[in-house]
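Please treat every number below as a calculation from the coordinates, not as lab data. Everything numeric here is computed off the predicted structure, so don't read it as measured data. Neighbour counts run over all protein chains shown; Cβ positions are idealised from the backbone, glycine included.
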């Protein structure tokens, strides 16, 4: 398996370039195809009750302004994607022609839709989606995108820190707890694990009884010709998520792989959880799957 089709949601100007660059870098390793996806969600103005002949004109003017702003944003993001493609040496071709073109290819998609649902649906026909790590100070829009991709696309998501992804990860830490989500993330990460120099499997505290251990996961990776070390951490200082990030620091890992939202999003948002903590505090690339 390789990442032959990578979705790059082009949504926020501040992070669009790092998303495009990372998507092209990952797809480029397999001479794959990157889809730059932009969704225009136009929220039409519904004015308070206004009497008189100017009411319709006022509503029309506001809608025209919204249309113009949406078009300007789409053009700006398209330009960012074009620049990233040029820098990566990607040939821009329609998606339906990508399989007939050698080398790294890319295409741009700009359509109206419902955000973020339309983006996560588009990811269902990609091997991987790429997005920016939200961080604690992100907008609701950025967090909504990541959560929708994780919960609704059925595909893994590679989250990029604002510092970017300078190269394919070479030191990878896998957080393993034996869960379904962890298994999906491990499987999704195989293309990156195969090219890494160092792979480490870490279990924090314990794995639920009856589920595969870190040793079992390591044996699975060896059958894929991936050598790994395992480490069981008995105590989590400050919680599992904080300990995972600390382990990644100690190992100088440039990618953290883990299952996303093993519990419900409501539980994570209200009670706290590993996924939300990592989304808020991680300072390196993270690959998640649900």
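Taking every alpha-carbon pair under 8 Å whose residues sit at least 6 apart, the chain reaches a relative contact order of 20 percent. The peptide list 159-172, 9-22, put in order of mean Cβ contacts within 10 Å with the highest first, becomes 9-22, 159-172.
Two decimals is fine: what's Rg over Rh for segment 153-210, C-alpha atoms, Kirkwood radius as Rh? If you can, show how the numbers build up before the last one.
Numbers: Rg = 12.9 Å, Rh = 12.9 Å.
Over the Cα atoms of segment 153-210, Rg/Rh equals 1.00.
In terms of packing, defined here as the mean over residues of other Cβ atoms within 10 angstrom, the peptides 69-76, 179-186 line up highest first as 179-186, 69-76. At an R0 of 22 angstrom, the distance between the Cβ atoms of residue 62 and residue 115 translates into a FRET efficiency of 0.65. Of 81, 115, the sequence from fewest to most neighbouring Cβ atoms within 10 angstrom is 115, 81.
Counting other Cβ atoms within 10 Å as a rough exposure proxy, the listed residues 143, 173 run 143, 173 from fewest neighbours to most.
Sorted largest first, the spans of the alpha carbon positions of segment 63-106 along the three principal axes are 43, 23, 6 Å. Given R0 = 35 Å, the distance between the Cβ atoms of residue 79 and residue 280 translates into a calculated FRET efficiency of 0.70.
If you wrap the chain's Cα atoms in a convex hull and average its projection over all directions, what's the area in nm²? For the chain, the mean projected area of the Cα convex hull comes to 17.2 nm². On the beta carbon distance between residue 236 and residue 194, with R0 = 22 Å, the FRET formula returns roughly 0.15. Helix 13-29 and the longest principal axis of the C-alpha atoms of the chain enclose an angle of approximately 50°. Calculation over all alpha carbon pairs of segment 171-289 in 10 angstrom steps from 0 returns a P(r) of 14, 51, 31, 4, 0 percent.
Model label points for residue 87 and residue 250, set 7 angstrom from Cα along the Cα-to-Cβ axis, are 3.5 nm apart. Residues 138, 85 in ascending order of nearby Cβ atoms (within 10 Å, fewest first): 138, 85. Helix 240-250 and the long axis of the chain differ in direction by around 70°, with both axes built from C-alpha atoms. Taking segment 155-183 and a reference point 7 angstrom along Cα→Cβ of residue 137, the backbone N atoms nearer than 14 Å belong to 162-163. Seen against the Cα atoms of the chain and their longest principal axis, helix 140-152 is set at about 60 degrees.
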